[in-house]
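Notes follow once the structure below has been shown.
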Amino acid sequence: MYMHDLIKKAITKHDLTKDDIVFLLNNDEYSEELFKAADEVRQKYVGDEIHLRGLMEFSNYCKNNCYYCGLRRDNKELTRYRIDIPTILGMAEHGRDMGLKTVVLQSGEDVWFTKERMIELVSGIKKLDLALTLSVGEKPTEEYEAYKEAGADRFLLRIETTDKELYAKCHPGQVWEDRARCLRDMKRQGYELGSGCILGLPGQTMESLADDVLFFREIGADMVGVGPFIPHPDTPFKNEKGGTLNTGLKVMALIRLILPDINIPATTAMETLAPNGQVKALQSGANVIMPNITLKQFREHYQLYQGKSSTNVAPDKSLEIVHEKIKSIGRTVGLDYGQSPRWLAERQGL
Ligand code: 5AD
Ligand code: SF4
């Protein structure tokens, strides 16, 4: 009964304490009720439209060495690629011609893509009349500023975990405070700010996941993506257990409850864990899908984790699959840029 009241409170007040969140995460009997509550809040605040973002994985070079990720610097089993700028622009144009309104430029932290080259890329894409999200990692403040000026609209940078000790154990050579600085920079600069976390890291607790959820509220995130950790065989974490779809969905649902008007993607990692993972996510609080529109020949080399869903599917096909899924659950595809209501409201308040 207590749990039932807690969920009721979250639906109307959008407020939960850390203890409430931990309690809900630790109890599975109420998962379905939690998912239903998040679905209701999603419908009320962001409607039935699902916004599509065409994901372009344009380089798999990375100077970082995250213990969980297949693109880490020390993974020598990987064929590295870097798509040239004209080809990337061609992929974006094709995405637009297929009806996409937003594209996402994602890569490892690749030093070849200097500030100047990134600006060229950003400007080129903005000429195509697309909303643009960048997901290229940690940069100096003035570099984010320069991308924004060149036309970038949004940025995705997961905090991964707010547990500083755990962060240090997973990210050799990286400092948690630097990452938080990046997020605060971009919020101030007016980006539509995306963050998120990875769950199921070795030693990660429910308390620490509850802190993650509250952190997204604190930094004013406009989008939050949650992905269960899936071990990759060529990484130091290859024998670790990984996260579950259920916990992923619960964390996501809780985020929807306390941040009702943000955008939340049904992530690829969720789809990888179960064939209906994405649909389940869309019915538990999510309202965004990021179909992969990277050219087929590069796909297999962008393995963040093993068994990544749709690695062998061409752009047109991956979009078709997504449209089918959306239709099958009676939802529609958003036809505009699909900014989060939260960000739009904040703009109007300025
Ligand atoms: N399992 C799940 N997600 C992963 N990421 C990187 N490696 C893995 C993995 N093994 C996620 C990180 C990163 C995003 C692009 O991919 O959270 O921010
Ligand atoms: Fe590089 Fe990102 Fe993978 Fe870390 S998670 S190794 S920064 S691509």
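Here are some notes:
- Any pair with Cβ under 8 angstrom, 6 or more apart, that starts in segment 284-308 at a residue that is closer than 27 Å to Ala253 by Cα and ends at one that is among the aromatic types (Phe, Trp, Tyr) and away from ligand 2 (no atom under 16 Å from the Cβ): Ser284/Phe35; Gly285/Phe35
- Screening Ile258, Ile264 for residues that are touching a residue at least 24 places away in the same chain (Cβ under 8 Å), more than 16 Å from ligand 1 (Cβ to nearest atom) and among the β-branched types (Val, Ile, Thr) leaves exactly one candidate, Ile258.
- Here Gly243 clears all of (1) touching a strand residue (DSSP E or B) at 6+ places or on another chain (Cβ under 9 Å); (2) under 21 Å from Glu109 (Cα atoms) except the condition numbered (2).
- Filter result for the condition that a residue is among the aliphatic types (A, V, I, L, M) and in contact with a strand residue (DSSP E or B) (Cβ under 6 Å, 6 or more places away or on another chain), over Val104, Val122, Val111, Val46: Val104
- Selection of segment 280-308 for residues being buried (at least 19 other Cβ atoms within 10 Å of the Cβ), farther than 17 Å from Asp97 by Cα and in contact with a Pro (Cβ under 9 Å, 6 or more places away or on another chain) yields Ala281, Ala286, Asn287, Val288, Ile289, Tyr305.
- Checked against the criteria, Ala180 counts as at negative phi, within 15 Å of ligand 1 (Cβ to nearest atom), without any contact (Cβ under 8 Å) to a residue 40 or more places away in the chain and among the small types (Gly, Ala, Ser).
- Among the residues making up segment 154-172, those that are of a type in the set (Lys, Arg) and either crowded, with 24+ Cβ neighbours inside 10 Å or within 11 Å of ligand 2 (Cβ to nearest atom) (or both) are Arg154, Arg158.
- Verdict on Gly243 being assigned to a loop (DSSP other than H, G, I, E, B), within 16 Å of ligand 2 (Cβ to nearest atom), under 22 Å from Tyr67 (Cα atoms) and within 18 Å of the chain's Cα centre (by Cα): yes
- Of all residues assigned to segment 23-46, at least one qualifies as being modelled with pLDDT of 95 or more, among the hydroxyl-bearing types (Ser, Thr, Tyr), in contact with a Pro (Cβ under 9 Å, 6 or more places away or on another chain) and away from ligand 2 (no atom under 16 Å from the Cβ).
- Top-ranked residue in segment 217-240 [being of a type outside the set (D, E, K, R) and over 25 Å from Pro172 (Cβ atoms); ranked as surrounded by the fewest Cβ atoms within 10 Å (Cβ to Cβ)]: Gly220
- Within segment 47-76, if we keep just the residues that are of a type in the set (A, V, I, L, M) and more than 8 Å from ligand 2 (Cβ to nearest atom), the residue that is surrounded by the fewest Cβ atoms within 10 Å (Cβ to Cβ) turns out to be Ile50.
- Residue match in segment 108-122 (condition: among the small types (Gly, Ala, Ser), more than 16 Å from ligand 2 (Cβ to nearest atom), modelled with pLDDT of 95 or more and assigned to a loop (DSSP other than H, G, I, E, B)): no
- Helices (runs of 4 or more DSSP H) (entirely within segment 1-71) containing at least 2 residues that are among the small types (Gly, Ala, Ser): 31-46
- At least 2 residues being small (Gly, Ala, Ser) is the threshold, and among the strands (runs of 3 or more DSSP E) wholly inside segment 133-231 those reaching it are 192-199, 223-228.
- Count of residues meeting criterion [surrounded by fewer than 22 Cβ atoms within 10 Å (Cβ to Cβ) and either touching a Ser or Thr at 6+ places or on another chain (Cβ under 7 Å) or among the polar types (S, T, N, Q) (or both)] in segment 173-184: 1
- Checked against (1) on the phi > 0 side of the Ramachandran plot; (2) more than 12 Å from ligand 1 (Cβ to nearest atom); (3) out of contact with any helix residue (DSSP H, G or I) (no Cβ under 6 Å at 6 or more places or on another chain), Val111 passes all but a single condition, namely (1).
- Every condition in (1) in contact with a Lys or Arg (Cβ under 8 Å, 6 or more places away or on another chain); (2) under 13 Å from Glu57 (Cβ atoms) is met by Leu71 except one, and the failing one is (1).
- Qualifying residues in segment 123-139 (those that are more than 20 Å from Gln174 (Cβ to Cβ), modelled with pLDDT of 95 or more and among the charged types (D, E, K, R)) - the one surrounded by the fewest Cβ atoms within 10 Å (Cβ to Cβ): Lys127
The values are calculated or read from the model by the stated rules, or taken from the named source; none is laboratory data. The structure presented is a predicted model; accordingly, all values stated were derived computationally and were not measured. No Cβ is skipped: glycine too gets one built from the backbone with ideal geometry, and neighbour counts run over all protein chains shown.
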